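> Structure below; questions to follow.
The values are calculated or read from the model by the stated rules, or taken from the named source; none is laboratory data. Keep in mind that this is a model prediction, so the values were computed, not measured. With ideal geometry, Cβ positions are generated from the backbone for all residues, glycine too; neighbour counts draw on all protein chains shown.
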Amino acid sequence: MAGSATRHRVEGIGRVVPLSGLKKDILNIVTEVSEFDEKVTITKDGEPAVVMVNAEYYEGLIETLEILSDKKSVSGIRQSLKDIREGKVQTLDEVFG
C-alpha cells in the first residue's frame, strides 16, 4: 500500500484515511479499492464521512438490500432455514430422480 497518507485500521469498516490523505493518494486508494477489494473509510474532521467499496461489492449490497426489503423473499428464506433445521430436506437425486 504505497503512498504517504496516514492510515489506521478500524475493525469492521476497513482502512481509515483522512480527507487530506485521500487528496494526496487518490490513485493508489482507488486502485486498492477497485482491484484488491479493500474497503476505505474517508474521514472529515476526524469523523467518518464516506466509505469507498468497489462496484461489485456495492452491487452485492444493493441486491441484498432489495431481497431483504421484500417480505415474501424474507419469509421464504426463513421457512427454508426452518425446514433445514428440522431435517425437511431432499437430496438432488430425490428431487431430480
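> Does Val40 satisfy the criteria of being more than 30 Å from Leu19 (Cα to Cα), in contact with an Asp or Glu (Cβ under 8 Å, 6 or more places away or on another chain) and among the hydrophobic types (A, V, I, L, M, F, W, C)?
Here the answer is no, as Val40 does not meet what is asked.
> Is it fair to say Lys39 is at pLDDT 55 or above, of a type in the set (D, E, K, R) and either assigned by TED's automatic domain parsing to the domain that holds Leu61 or more than 13 Å from Met52 (Cβ to Cβ) (or both)?
no
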